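Enquirer: Attaching a single structure in C-alpha cells format; questions to follow.
The values are calculated or read from the model by the stated rules, or taken from the named source; none is laboratory data. From a predicted model like this one, the values you see are computed outputs, not experimental measurements. Here the Cβ is made from the backbone with ideal geometry for all residues, glycine too, and neighbour counts use every protein chain on show.
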Amino acid sequence: MSEAVVTLHFSVDGEDFTSAGQASVQVKKSLRQLGISPEIIRKVSIAMYEGEINMVIHAGGGEADVLIYEDHIEIRLDDHGPGIANIEMAMQEGWSTAPDNIRSLGFGAGMGLPNMKRYTDEMKINSVLGEGTHIVMKVNL
Amino acid sequence: MTVHELAEALHLETIVEADGKRKIDGCYIGDLLSWVMGRAQSGNVWITIMSNINIVAVASLADVSCIILAEGVTVEENVRAVAEAKGVNLLASERTAYELAASLKDLIE
C-alpha cells in the first residue's frame, strides 16, 4: 500500500465532555483545505465524531488518527477502556450502555457505532474486555 | 431560500448569523444527536429543543444550514460563542417544532 499523503493525530480527552468533537471539527477543516468533496468530509467527520464521543462516554478518552491516502481516508481509534462485550449487539441501532447523564445530553441513543458503519465503506472493530477497543474505518475517495 | 430570509419570514430570533446566505434545503427535527447525524441531510434546517454545547459540533459536522431552537429554549453564552467561532447559524423561536415545520413547509414547497 502506498504511503499516506497526510496524517493527523489527536488525543481525545476523556474528562471533558463539552470539548468532545474538537478533533472531528479539526479534521473537517483539514479535509476542506485539501479540497476533499463536502459529501466525503461529512462522512469522515461524522464517523470520527461518533468515535470520539464513544471514547469519551465509555473509555475515558483515547487516541485518534486520520490517514489520508490517494484513494481513501482511514480513521483509526484506539482506547484502553473496558472493551465491548457483545459487538453484534452494539452494532444494532438503539442498543446502548450509556448512563442517564449522557442520555440527557442527547447522546446514548445507540446510534454511534451504526452511524460509523453507515458513513464508512469499511469498518473493523477489535475489542478485548478489560483491555480496550481498536476501530479502523475507511472511506473511499 | 436563504437562512436570513427564513429568519425574517418566520420571525425567528437570530442568536448567531454566521452565514445568512446559506441556502436551506428541507428540514429535520430531533433531539437525539446521533439520530440527527445519521438522518439529517446536508442543508437541512434542524429544529430541536436540545441546547447544550454539543449541538454546535453536530450542526457543523452534519452540515445543516441552521439550527432553530424551538419552544423558547435558550442557550448559554458559551454555546453562542462556539457557534459564532464555528460558523453555525443559530436561530430561536417560542413556537413548537411542529408549528415551525408547518410554516417552513408553506414557505419552501
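Enquirer: Looking at B:Ser93, B:Ser34, B:Ser103, B:Ser51 in this structure, which one is surrounded by fewer than 23 Cβ atoms within 10 Å (Cβ to Cβ) and within 23 Å of A:Ile53 (Cα to Cα)?
Expert: B:Ser51 is the lone residue from the list that is surrounded by fewer than 23 Cβ atoms within 10 Å (Cβ to Cβ) and within 23 Å of A:Ile53 (Cα to Cα).
Enquirer: While we're here: Inspect the stretch B:60-75 for any residue being polar (S, T, N, Q), out of contact with any Lys or Arg (no Cβ under 7 Å at 6 or more places or on another chain) and surrounded by 15 or more Cβ atoms within 10 Å (Cβ to Cβ) and give the result as yes or no.
Expert: Looking through the stretch B:60-75, none of the residues is polar (S, T, N, Q), out of contact with any Lys or Arg (no Cβ under 7 Å at 6 or more places or on another chain) and surrounded by 15 or more Cβ atoms within 10 Å (Cβ to Cβ).
Enquirer: What number of residues within the stretch B:31-67 satisfy the criterion of being facing chain A (nearest Cβ under 8 Å) and of a type in the set (Ser, Thr, Tyr)?
Expert: Selection size over the stretch B:31-67: 3.
Enquirer: Count, please, the residues in the stretch A:18-42 that happen to be more than 9 Å from every other protein chain (Cβ to nearest Cβ) and small (Gly, Ala, Ser).
Expert: 4
Enquirer: Okay, next question. Quickly run through the stretch A:43-97 and pick out the residues that are buried (at least 18 other Cβ atoms within 10 Å of the Cβ), within 12 Å of another protein chain (Cβ to nearest Cβ) and more than 13 Å from the chain's Cα centre (by Cα).
Expert: Correct list: A:Ser96 only.
Enquirer: Tally up the residues in the stretch B:80-109 that are among the aliphatic types (A, V, I, L, M) and over 13 Å from the mean Cα position of the chain (by Cα), please.
Expert: Residues meeting the conditions: 6.
Enquirer: Do the conditions hold for A:Asp100, that is, is it more than 13 Å from chain B (Cβ to nearest Cβ) and at pLDDT 95 or above?
Expert: In short, no.
Enquirer: Looking at (1) over 11 Å from the mean Cα position of the chain (by Cα); (2) more than 13 Å from chain A (Cβ to nearest Cβ), can you tell me which one B:Tyr28 breaks?
Expert: Only one criterion in (1) over 11 Å from the mean Cα position of the chain (by Cα); (2) more than 13 Å from chain A (Cβ to nearest Cβ) is unmet by B:Tyr28, namely (1).
Enquirer: When residues of the stretch A:111-126 are filtered for being in a strand (DSSP E or B) and closer than 24 Å to B:Leu32 by Cβ, how many remain?
Expert: 2
Enquirer: For residues that are in contact with a helix residue (DSSP H, G or I) (Cβ under 6 Å, 6 or more places away or on another chain) and surrounded by fewer than 22 Cβ atoms within 10 Å (Cβ to Cβ), tally how many sit in the stretch A:98-107.
Expert: Qualifying residue count for the region: 2.
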